[in-house]
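Worksheet: the structure to be examined is printed underneath.
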Amino acid sequence: MDRIQKALEKAKLRHAQKPEPIRVEPTRSESSVSQAEDPLAAPIESISYSQTKVVNVPNHQLERKRIIAGFYNNPQSAVFRMLRTQVLKQMRSNRWQTLAVTSPTAGEGKSVVAANLAMAIAMELNQTVLLVDMDLRNPSISNYFGLNAQVGLKDYLSGDLKLSEVLINPGIKRLVILPGVGRAEDSAELLSSPKMASLVADIKSQYDSRVIIFDVPPVLQTDDVSLAASYFDSTLLVLEDGKNSESNITKSLQMLEGSHLLGTVVNKSASPPEHQNY
């Protein structure tokens, strides 16, 4: 933790960025014409899905995969609701709609954080969320939600699928997932393709009441994040406590410079958050 704090303090001075570490221990009828054409659109007050596939995921399965933000009986779930409040405050004050969640390297828990943050935001009655698995080389969101998706973002970008054929509602109101399925070795080409740019432009322009969260690859292990940077209004960096060297953290912050970094999430911390048992 000291190593992370030192690196962040140095980055503040060097790059004038102000990420603040947050301890985290993650352990339905659309009858109108516009709704039929828009598989994401639905009244926030009474959402039902006829164009989007619905997979009702059991709570015990979500908890087993550490997707816990919606379970008040889990003391760790409060961390994600507090993270939601901080993230939404910054996004709303700047009128930002999209957020990328990344980490320096693989295995630091970025996808778990992205999934829990999406669930926490969807719990707000006046807010809907689209969670996009943009980690085309190692997609995991479908697995965390137990969706058993047959097609995903890779298939949409490389084929002729309609968006409604790929989207899934996991049985959680106000949350829709664009999953990833299978490894894409040509991820850089797919993310920089005109079809990807068109997809992002469409979902940003047509669904202005929706927060869009992109689970993206580790920033130090691929150039995918740099290639897709123009798609994101803001960024969140997930750091596994004790894993990264100071130079790795500094380099990650340098690579995210100019990306409107909202802050850092310190994951898998040995010390529980002070508010956890409040």
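For the charge dipole of the range 142-217, defined by +1 on Lys and Arg C-beta atoms and -1 on Asp and Glu C-beta atoms about the Cα centroid, which residue among 144, 181, 158 has the Cα displaced farthest towards the positive pole?
144
Taking a ≥ b ≥ c as the square roots of the eigenvalues of the Cα gyration tensor of the range 40-134, is the shape rounded (a/c under 1.5), prolate (a/b larger than b/c) or oblate?
Cα axes put the range 40-134 in the rounded bin.
With only Lys, Arg, Asp and Glu charged, each at its Cβ (+1 for the first two, -1 for the last two), find how big the charge dipole of the range 115-200 is about the Cα centre; round to the nearest 20 debye.
Dipole of the range 115-200, to the nearest 20 debye: 240 debye.
Placing +1 at every Lys and Arg Cβ and -1 at every Asp and Glu Cβ, with all other atoms neutral, what dipole size does the range 159-278 have around its Cα centre, in debye to the nearest 20?
400
Mind putting a number on the dipole of the range 48-148 about its Cα centre? Charges go on the C-beta only, +1 for Lys and Arg and -1 for Asp and Glu, and I need it in Debye to the nearest 20.
Result for the range 48-148 is approximately 140 debye, rounded to the nearest 20.
Round to a whole number: what % of the accessible area of the range 114-215 belongs to carbon and sulfur, probe 1.4 Å?
Carbon and sulfur: 45 percent of the exposed surface of the range 114-215.
Can you give me the P(r) profile for the range 169-267? Cα pairs, bins 10 angstrom wide beginning at 0, each as a whole percent.
12, 41, 36, 11, 0
So for each of 114-126, 89-101 I average, over its residues, the number of other beta carbons within 10 Å; can you give me the resulting order with the highest mean first?
Ranking the peptides 114-126, 89-101 by packing returns 114-126, 89-101.
Once the dipole of the range 179-249 is set up with Lys and Arg at +1 and Asp and Glu at -1 on Cβ about the Cα centre, which of 221, 206, 244 lies farthest towards its positive end?
Farthest along the dipole direction, towards plus: 206.
Probe of 1.4 angstrom, ligands and nucleic acids ignored: what's the accessible area per residue over the range 131-196, in square angstrom?
39
For the ranges 154-164, 231-241, 216-226, what's the packing order if you count other beta-carbon atoms within 10 Å of each residue, average per peptide, and put the highest first?
Per-residue Cβ counts within 10 Å, averaged per peptide and sorted highest first, yield 231-241, 216-226, 154-164.
With a ≥ b ≥ c taken as the square roots of the eigenvalues of the C-alpha gyration tensor of the range 104-245, please select rounded if a/c is under 1.5 and otherwise prolate if a/b is larger than b/c or oblate if it is not?
Judged from the Cα gyration tensor, the range 104-245 comes out rounded (a/c under 1.5).
Over all pairs of distinct alpha carbons, what does the Kirkwood formula give as the hydrodynamic radius of the range 188-240, in Å?
After inverting the pairwise mean of 1/r, the radius is 12.2 Å.
Find out how many positive minus negative residues lie around residue 190, taking Lys and Arg as positive, Asp and Glu as negative, among other residues whose Cβ is under 14 Å from that of residue 190.
Cβ neighbours under 14 Å give a net charge of -4.
Place the peptides 166-172, 257-263 in order of packing, highest mean first, counting for every residue the other Cβ atoms within 10 Å and averaging per peptide.
Averaged packing, sorted descending, gives the order 166-172, 257-263.
The values are calculated or read from the model by the stated rules, or taken from the named source; none is laboratory data. Just so you know, these numbers come straight off a predicted model, no measurement behind them. Counting neighbours? That spans all protein chains shown, and the Cβs are built from the backbone with ideal geometry, glycine included. Side chains included, ligands, DNA and RNA excluded: accessible areas come from the protein's heavy atoms. Shrake-Rupley method; radii C 1.70, N 1.55, O 1.52, S 1.80 Å.
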